[in-house]
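The values are calculated or read from the model by the stated rules, or taken from the named source; none is laboratory data. This one's a predicted model, so the numbers in the text were calculated from it and none came from an experiment. Glycine also receives a Cβ, built like all others from the backbone with ideal geometry; neighbour counts cover every protein chain displayed. The protein model used for the area step is the full one, side chains on, heavy atoms only, and it has no ligands, DNA or RNA in it. Shrake-Rupley method; radii C 1.70, N 1.55, O 1.52, S 1.80 Å.
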Amino acid sequence: MIIESLLLQNFRRFKEERFNFDSGFNIIIGKNGSGKTTLLEAIYLLSTGKSFVTNAVQNCVNVNDDYFFIEGIFNKVSGADANPNTLSILFSRDKKIVHLNKRKVKALSEIIGKFPVIVTDYALVELVKDGPSKRRDFINHVLTFTDEDYYKNVLRYYSFLERRNEYLKNGNFTMDLLIFLSQEIYDYGRKIREKREKIINDFNERIRNIFYTIFEKESNLTIIYRPSKLEKLLDTDSLTDEVNKKRTLYGIHLDEIEIFDGEINLREFASLGEAYSIGFILKLIESELIERYKGTAPILLLDDFFSHLDEVKRDKILNYIKNNQVILTSVSIDDVSKKILDSANIITLENGSNGNN
Ligand SMILES: Nc1ncnc2c1ncn2[C@@H]1O[C@H](COP(=O)(O)OP(=O)(O)OP(=O)(O)O)[C@@H](O)[C@H]1O
Ligand SMILES: [Mg+2]
């Protein structure tokens, strides 16, 4: 997948800007606060409906305005076989209005997964070193782009879970209702668990190999999946326990996913640079899996790529990337190796304006 151009209106510091991208490497250069992350955020928002910077999309509206508009032209390939898709989001009064090729999209789920992107930023460290929710979100993201039904099943699961938790909390329910909700959560949960098991196996089949290819070092990396005991949802003893504790105690929202190197849990022991590198490997595997399932490599949005890795690792990673469009940000052009610079499209941001038009 590639993005050919991006139009931003009232999106954070950008009043009105258009950016054009190459199908290979694109490097966005600018000082702190010039809008580099904002640009990646806008592309991510088009693809996923979410920001990777904030949970409150409202914050993306320029402080002097009351709406933002983003439009991107996406393509599976560049050149003669091109079949461009224009995707836009108008955000106003806390509502997103999405258009695909000028046609209004009724539900965001219609387009989620169609224009795959992967973002890497400092949160890669959290992916490895924080609690399991970060890794559950990551696996959810991978499956959203590799499995047609997964995202819908997760939405249904969470909507039943929320209802169940609300009833448990306020105590206003019948046992029949609770058992009905348990069964729904169990059924969707099983489907989700099966998919998670399978994709984590896919990761494990690749992780040591890719690590070795990039870093030329052996490792015993493994992702360990410990699903929460879903079956307990159908058990009357645990139901009594849940009624007493006033919340759902079992289900895929509590699954544990840990990354080990041999006996060592990286959550506890990885250095920041190591965590970042391993996080990066996970994203590269994600990219390969998306490419395999979707037939198109996702767009890689690499924020502040040069800040976290030593030069050797950076070069090895960039040399490894072959099939993806890459949009990379950096505060300085000096960090970019000559080989990459020669083939890259450079976009320079100055005070929120860009120099590529
Ligand atoms: N809603 C908004 N309205 C106007 N300006 C905003 C808004 N949100 C953020 N900004 C401004 O945008 C700038 C942040 O942009 P961004 O994070 O994209 O910079 P950056 O180039 O990635 O910087 P860094 O190198 O520090 O990562 C800040 O100057 C901030 O004040
Ligand atoms: Mg930034």
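Criterion first (surrounded by fewer than 18 Cβ atoms within 10 Å (Cβ to Cβ) and at pLDDT 95 or above) does GLU256 satisfy it? Criteria met by GLU256. Where strands (runs of 3 or more DSSP E) sit wholly within the range 49-140, those with at least 1 residues that are out of contact with any Cys (no Cβ under 6 Å at 6 or more places or on another chain) and surrounded by fewer than 13 Cβ atoms within 10 Å (Cβ to Cβ) occupy 95-100. Whenever a residue of the range 29-52 is more than 26 Å from LEU108 (Cβ to Cβ), its partners that are more than 8 Å from ligand 1 (Cβ to nearest atom) and assigned to a helix (DSSP H, G or I), lying with C-beta atoms within less than 6 angstrom and at least six residues away or across chains, give the pairs ILE29/ILE333.
Condition check ((1) within 15 Å of THR120 (Cα to Cα); (2) open to solvent by 50 Å² or more (accessible area, probe 1.4 Å); (3) of a type in the set (Val, Ile, Thr)) across all residues:
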site: PRO298; (1), (2), (3): yes, no, no
site: HIS308; (1), (2), (3): yes, yes, no
site: ASP342; (1), (2), (3): no, yes, no
site: GLU350; (1), (2), (3): no, yes, no
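Check whether at least one residue in the range 10-25 is among the acidic types (Asp, Glu), under 14 Å from VAL117 (Cβ atoms) and buried (at least 18 other Cβ atoms within 10 Å of the Cβ), and report yes or no.
no
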